[in-house]
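Beneath this line is the structure, given in structure tokens, with notes to follow.
The values are calculated or read from the model by the stated rules, or taken from the named source; none is laboratory data. Keep in mind it's a predicted model, so treat the numbers as computed, not measured. As a convention, Cβ positions derive from the backbone with ideal geometry for all residues, glycine included, and neighbour counts pool all protein chains shown.
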Amino acid sequence: MGIAVMLHVLAATVWVGGMFFAYVALRPVAATQLEPPARLSLWAGVFSKFFPWVWVCVLVLLGTGFWMIGLLGGFKAIGGYVHTMLMLGIVMMLIFMHVYFAAYKRLKQAVAAQDWPTGGAKLAQIRMLVGINTILGFVTIAVGSGGRYFVFFH
């Protein structure tokens, strides 16, 4: 169980921490210092390095999460906070899949074609969805780490 918890927390940290860094630190600097061609090329490159890690995190989170649920006796035996954490995590994964398979794909195509207006629109869509996922990630972490201590999760 200890290894599963450790891997689960590390995967959540990489994913949510990466989104937080990108949204709060990298985005504002890139927006003020780079013209659209350089900014969109930067983001396409950053996503190409970060998204494989997100896929690893998704697999680790699902694998360790379901493994721990099994070790604890299944869905009937776990607290409501675990059900909540699982639901939020699945919503986050679905949002990420939309970003990856739709918006990011179109961003890469726009950058390759030097279609900066389309690339800017796709980046704006990704920014909004990453912002939502960052908030959901913090809520999920709060529920996962503190949920067992709140009466309404039992």
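Pull out all pairs, ordered by first then second residue, where Cβ-Cβ is under 7 Å, the residues are six or more apart or on different chains, the first lies in segment 45-71 and is over 13 Å from L86 (Cα atoms), and the second is of a type in the set (V, I, T) and part of a helix (DSSP H, G or I).
Short answer, once both residue conditions are applied: W53/V14; C57/V14.
Please go through (1) of a type outside the set (V, I, T); (2) over 21 Å from L26 (Cα atoms); (3) modelled with pLDDT of 95 or more for F47 and return the number of the only condition it doesn't satisfy.
Every listed condition holds for F47 apart from (2).
Starting from residues that are at pLDDT below 95 and aromatic (F, W, Y), keep the ones in segment 57-112 and report whichever is farthest from I132 (Cα to Cα).
F75
Restricting attention to segment 8-44, which residues are under 17 Å from the mean Cα position of the chain (by Cα) and not aliphatic (A, V, I, L, M)?
Filtering segment 8-44 down to residues under 17 Å from the mean Cα position of the chain (by Cα) leaves 8-27, 43-44.
Across segment 8-44, the qualifying residues are H8, T13, W15, G17, G18, F20, F21, Y23, R27, W43.
Kindly indicate whether T84 is in contact (Cβ under 8 Å) with a residue 24 or more places away in the chain, of a type outside the set (A, V, I, L, M, F, W, C) and touching a Leu at 6+ places or on another chain (Cβ under 6 Å). Write out each step before concluding.
Values: in contact (Cβ under 8 Å) with a residue 24 or more places away in the chain: yes; of a type outside the set (A, V, I, L, M, F, W, C): yes; touching a Leu at 6+ places or on another chain (Cβ under 6 Å): no.
No; evaluated as a whole, the condition is false for this residue.
Suppose we filter segment 111-125 for residues that are within 14 Å of G45 (Cβ to Cβ) and either of a type in the set (A, V, I, L, M) or under 17 Å from the mean Cα position of the chain (by Cα) (or both); how many remain? Reasoning before the result, please.
Here is the first cut: in segment 111-125, the residues within 14 Å of G45 (Cβ to Cβ) are 111-112, 119, 123.
Keeping just the survivors that are either of a type in the set (A, V, I, L, M) or under 17 Å from the mean Cα position of the chain (by Cα) (or both) gives 111-112, 123.
Counting residues in segment 111-125 that are within 14 Å of G45 (Cβ to Cβ) and either of a type in the set (A, V, I, L, M) or under 17 Å from the mean Cα position of the chain (by Cα) (or both) gives 3.
Might you let me know whether segment 33-46 holds any residue that is under 18 Å from T140 (Cα atoms) and touching a Gly at 6+ places or on another chain (Cβ under 7 Å)? If you could, list the steps in order and put the result at the bottom.
Just the residues of segment 33-46 that are under 18 Å from T140 (Cα atoms), to begin with: none.
Scanning segment 33-46 turns up no residue that is under 18 Å from T140 (Cα atoms) and touching a Gly at 6+ places or on another chain (Cβ under 7 Å).
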